[in-house]
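Derivation of every value follows stated rules applied to the coordinates shown; laboratory data play no part. Just so we're clear, the structure is a prediction, and the values are computed from it rather than from any experiment. Please note: Cβ atoms are built from the backbone with ideal geometry, for glycine as well, and neighbour counts cover all protein chains shown.
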Amino acid sequence: MEEVQKLIIIGSGPAGLTSAIYAARSNLKSLVIDGDEPGGQLMGTSYVENWPGEKSILGPKLMMNMREHAQHFGTEFLSENVTKVDFSKKPFTLWTNRDKELKAHAIIIATGATPKRLIVPGENEYWGKGVTTCAVCDAAFYPDKEVLIVGGGDTAMEDASFMKKFTKKITVVHILDKLTASHAMQEYVINDPDINIIYHSTVTEFHGDGNHVTGVTITNQKTGEKIKKDIDGVFIAIGLTPNTEPFKDHVACDDWGYIKVSNHTNTSVEGIFAAGDVHDYRYRQAITSAGAGCMAALDAERYLKDILP
Ligand SMILES: Cc1cc2nc3c(=O)[nH]c(=O)nc-3n(C[C@H](O)[C@H](O)[C@H](O)COP(=O)(O)OP(=O)(O)OC[C@H]3O[C@@H](n4cnc5c(N)ncnc54)[C@H](O)[C@@H]3O)c2cc1C
């Protein structure tokens, strides 16, 4: 490994790996730091059916293909986590959980976001097996099936209205007595006779047949009453946490912790770029993250051309 890397990419999801492929194809060798979840969020799902050129591919297989593609062009990987950074001096410095100190002239932060979970029995077992977070990705798997959406904010309402294209058997479970989504989104869902809303309640257990979720236990938070409901799919829409803990005091972030970008991938520090779900809370797709990864690599390459002899 060189003493000062030209480019370090933090994160190996679709954004990080696409950055690595584009960097390598520009003759810019990069080091990718994997973090705790090599391959990112798609490692925890089953079939992906909206990746162009692949009618249906397992998420882990898609990510393995991307990783092999990056490796093929010379990308190096480090299976560690970035825990601390210093972006105040150039070259920039990073430290990992194994106390490794790394220096780089440019950095792409592609650390994604972590969907919030309910943390109840059965959730981990059926995560990606009928329990998911992305209606845009998976709604088409449930034509005329019965689905449950957990949450009461804008994302939950958007998921409910998106699901309507596929099924009329939709139940929304919300922990409060009122939805928290914007007025227009609420009205749409409340006035839809096909969408049943259960208030004051949350899912407290997931049940399944070992391969796929088949039902849930819903508990009323006021009365403690529990009901069991058969269900074909569950969409958890209670928010995401951007993975910005090590960076949030070093680049500008918004009130929710997402990295702020300008001119596509530039952060508040020249030479530090961001790509994917770590800054994009709107689209949250593999393809948009990969697109941002491409842009970040091209921007990093132009930046490096200007600063390095
Ligand atoms: C269950 C599920 C199903 C989905 N299905 C689809 C689908 O079918 N189609 C679709 O387009 N999208 C889908 N998505 C959304 C898609 O997975 C994300 O939009 C996409 O993975 C975001 O890519 P990313 O590279 O920005 O971040 P991520 O995929 O979140 O990757 C982040 C990477 O950063 C690393 N990292 C984090 N913190 C650190 C750190 N401190 N140091 C080093 N590395 C770090 C992680 O280990 C990981 O490698 C799904 C999401 C989920 C949760």
Hz values of 3J(HN,Hα) by residue in the range 146-152 - Karplus curve (6.51, -1.76, 1.60), Gly and Pro given as x: 9, 10, 10, 10, 9, x, x
Net length gained if the chain between Asn65 and Phe162 were fully extended (0.36 nm per residue, minus Cα distance): 31.9 nm
Packing-based ranking, highest mean first, of 272-280, 21-29, 300-308, 218-226 given that Cβ atoms within 10 Å are counted: 272-280, 21-29, 300-308, 218-226
Viscosity 1.002 mPa s, temperature 20 °C, Stokes-Einstein D of the range 202-248 from Kirkwood C-alpha radius, µm²/s: 166 µm²/s
Placed amide H near Val234: partners under 5 Å, 5+ positions off or other chain: Val131, Thr132, Leu148
Convex hull (Cα only) mean projected area of the chain, reported in nm² to one decimal: 16.9 nm²
Cα-based helix-to-principal-axis angle, 14-25 vs the chain, degrees rounded to 10: 30 degrees
Rounded Å value of the spacing that divides the Cα centres of the range 14-62 and the range 171-247: 30 Å
Packing-based ranking, highest mean first, of 50-57, 38-45 given that Cβ atoms within 10 Å are counted: 38-45, 50-57
Label point 7 Å beyond Cα of Lys103 along Cβ direction - residues of the range 14-40 with amide nitrogen under 20 Å: 29-33
Cβ-Cβ FRET estimate between Ala184 and Asn211, R0 fixed at 25 Å, reported to 0.05: 0.05
Amide N of the range 119-160 lying under 18 Å from the label point, which is placed 7 angstrom from the Cα of Lys226 along Cα→Cβ: 119-126
Helix-only [θ]222 nm of the chain, DSSP H runs n ≥ 4, -39500 (n - 2.57) each, per residue, nearest 500: -7000 deg cm²/dmol
Integer Hz, Karplus 6.51/-1.76/1.60 couplings in order for the range 105-111, x for Gly and Pro: 7, 9, 9, 10, 8, 9, 8
Extension gain (nm, one decimal) between Ile307 and Asp36, 0.36 nm per residue minus Cα-Cα: 94.4 nm
Using alpha-carbon coordinates, inclination of helix 286-307 to the longest axis of the chain, degrees: 20 degrees
Cys with no candidate disulfide partner in the chain (beta-carbon separation under 4.7 Å rule): Cys253, Cys294
Mean separation of Cα contacts under 8 Å (6+ apart) over length of the range 21-171, as relative contact order %: 18 percent
Degrees separating the helix 154-163 axis from the principal Cα axis of the chain, which is the longest one: 70 degrees
Viscosity 1.306 mPa s, 10 °C: Kirkwood-radius Stokes-Einstein D of the range 6-68 over Cα pairs, µm²/s: 131 µm²/s
Under-5 Å amide H pairs with Ser30, H placed in peptide plane, nonlocal only: Glu76
Residue-span extension gain [Tyr281 to Ile119] - 0.36 nm each, minus C-alpha spacing: 56.1 nm
Cα-based equivalent ellipsoid of the range 185-276: semi-axis lengths in Å, sorted from largest, via gyration tensor: 39, 17, 14
Whole-angstrom Cα spans of the range 77-123 along principal axes, big to small: 46, 19, 19
Square roots of five times the Cα gyration tensor eigenvalues for the range 14-165, Å: 34, 19, 14
Approximate shape of the range 115-184 as ellipsoid semi-axes (Cα gyration tensor, √5λ), whole Å, largest first: 19, 17, 10
Over the chain, relative contact order from alpha-carbon pairs under 8 Å, at least 6 apart, %: 21 percent
Förster-model FRET efficiency, 41 Å R0, Glu3 and Thr241, C-beta, rounded to 0.05: 0.75
Size descriptor, Kirkwood hydrodynamic radius, that averages inverse alpha-carbon separations across the range 152-230, Å: 13.3 Å
Distance in nm between pseudo-label sites at Leu176 and Glu146 (7 Å out along the Cβ direction from Cα): 2.8 nm
